[in-house]
Amino acid sequence: MNKKYKTIDLCAGIGGIRRGYERAGCFINVLSAEIDKNACLTYKHLYGDDAMNDITTDEFKEKVDKTKYDILLAGFPCQAFSRAGKKEGFTDKTRGTLFFDIAEIISRSHPKAFMLENVDNLINHENGQTFHTIIDVLVNDLNFKVIGVTKDGNGKLIYASHNFIRNSKNFGVPQNRPRVYIMGFSRNYYGNIVDDLPNKLPERRKNPIYNDLKDILEMDAPDKYFLSSGYLATLERHKARHEGKGTGFGYRIVNRPEIQHPISNAILATGGSGKERNLVIDMKEGVAGKVIATKHTPLNNKGIRAMTPMEWGKLQGFVNYAFVDENGNDTFSFPEELADGSKYKQFGNAVTIPAVEEMAKFMKRCLIQLEKEKRMNNRQQK
């Protein structure tokens, strides 16, 4: 397939969705939007593009209006919709949320297709009403065929919410990270041939990138990632309190020796809790009891440390995968001035690139099918 589809990358973060689509081979990004300053620094460092744009502004929406593109991509946050008053169209249903701005951009600029990504809690948010509103707007107000959605004879939307969730652990990386993917194709552009498309998104990657967490961990990590004995004692007390209450909260060691094929829990942008639920054992020599300037107490004697930012990068497919060049060299890097805290946040906020890549390959197959059927229909009409 030689045809190239132009994409816009909204709520872009550090460009994980964009990179997943680029790896599918027929998508070229032409416009990006992100408001986090540090994420924009990394975005420019990786792609050479200035992504500092705010999708809520008229200025940016006018910029999109003037941009020739085909596919809208966005990883937007989960936000509640107002329930007040009668709802007439997406403007009233979704005002005040970033989804409203995305829907408005779709309405104004008419992409051929879109893919949206969100946290899995979107499914249950507001007892499912938030997700239902999103699907209703995309299908009924914006006239898209959403993969996984049909209508009954009365026009009622039929879908199973869980069919929109895909887990990163099934796409080649050892991370338990369920996320929602919503993909749609324009009826206004393609007509009802969109109903001929497969109605289910990919569920897994054929060949894993890593067997388990052991393939990702870099033993003998720098001392600064090892927990101090005082901090570890605090975590142990906190966990014991919650276990006594039966809540189960607390730190977790994800590579205990008894786990044959360890995987991580979801890494989180909040950093602290994401790191504490993904501690690892690394029996590096000379660490136990060591005093370092950045810790108030000596390092712990159990070899327990946080995963490094680069290990998180592997879990998301940025490091050692998505930026490997034709010679096998990994070209991924952060801007030199970026602190570890920002690196954790950016990876925690990011998508898992191998999962998005499979979505992009699926969209590519769908677009090939639609373009072929559209050409055939046009010839028949002549």
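Taking Cα centre as origin and charging only the Cβ of basic (Lys, Arg, +1) and acidic (Asp, Glu, -1) residues, the dipole magnitude of the chain rounds to 940 debye.
Relative to the current alpha-carbon distance between Ile259 and Thr150, full extension at 0.36 nm per residue lengthens the span by 35.1 nm. Dividing the Cα radius of gyration of the chain by 2.2 N^0.38 Å, with N the residue count, gives 1.07.
So what is the 222 nm mean residue ellipticity for the chain from helices alone, if each DSSP H run of at least 4 adds -39500 (n - 2.57) and you divide by all residues, rounding to the nearest 500 deg cm²/dmol?
Counting only the DSSP helices, I get -9500 deg cm²/dmol.
Structural descriptor for the range 219-307: relative contact order 38 percent, calculated from alpha carbon pairs under 8 angstrom and at least 6 residues apart.
First select every other residue whose beta carbon is under 12 angstrom from the beta carbon of Thr150; then total the charges, Lys and Arg +1, Asp and Glu -1. Result for the neighbourhood of Thr150: +2. Set the Cα radius of gyration of the range 219-307 against 2.2 N^0.38 Å, with N its number of residues, and you get 1.09.
Dividing the Cα radius of gyration of the range 317-382 by 2.2 N^0.38 Å, with N the residue count, gives 1.80. Across the chain, Cα pairs under 8 Å and at least six residues apart give a relative contact order of 17 percent. List the trypsin sites (Lys or Arg not before Pro) in the range 131-230 that DSSP assigns to loop (not H, G, I, E or B) and whose Cβ has at most 16 other Cβ atoms within 10 Å. Which are they? Passing both the DSSP loop test and the Cβ count: Lys156, Lys200, Arg204, Lys206. Label separation (Lys61 vs Lys4): 3.0 nm, computed from points 7 Å beyond Cα along the C-beta direction.
Label-to-label distance, Val291 versus Glu371, with points set 7 angstrom from Cα along the beta-carbon direction: 6.7 nm. Computed from the C-beta positions of Asn329 and Lys37 and an R0 of 41 Å, the FRET efficiency is 0.90 to the nearest 0.05. A straight Cα-to-Cα reach below 27 Å connects Lys343 with the lysines Lys37, Lys44, Lys169, Lys214, Lys224, Lys239, Lys275, Lys284, Lys290, Lys295, Lys302, Lys314, residues fewer than 8 places away in its own chain not being considered.
Which semi-axis lengths, in whole Å and largest first, follow from the square roots of five times the eigenvalues of the Cα gyration tensor of the range 153-194?
The answer is 29, 15, 6 Å, longest axis first.
Excluding Asn265 itself, what net charge comes from residues whose Cβ is under 11 Å from its Cβ, given Lys and Arg +1 and Asp and Glu -1? Cβ neighbours under 11 Å give a net charge of +4.
Each DSSP beta bridge with both residues in the chain is either parallel or antiparallel, and the antiparallel ones are about 55%. Could you let me know the centre-to-centre spacing of the range 216-268 and the range 4-48, using Cα atoms, in angstrom? Here the two parts' Cα centres lie 33 Å apart.
Within the shell defined by Cβ-Cβ distances under 10 Å, the residues around Thr57 carry a net charge of -3, with Lys and Arg each +1 and Asp and Glu each -1.
For the options Asp223, Asp36, Asp101, a Gaussian network treatment of the chain with springs between C-alpha atoms closer than 10 Å singles out Asp223 as fluctuating the most.
Cross-link reach is defined here as a Cα-Cα straight distance under 19 Å, omitting same-chain residues fewer than 8 places apart; for Lys61 the lysines meeting it are Lys6, Lys112.
Since every read-out is calculated from the coordinates, none of them should be taken as a lab result. Not measured: the values here are computed from a predicted model. In this analysis, Cβ positions are derived from the backbone assuming ideal geometry, glycine residues included, and neighbour counts consider all displayed protein chains.
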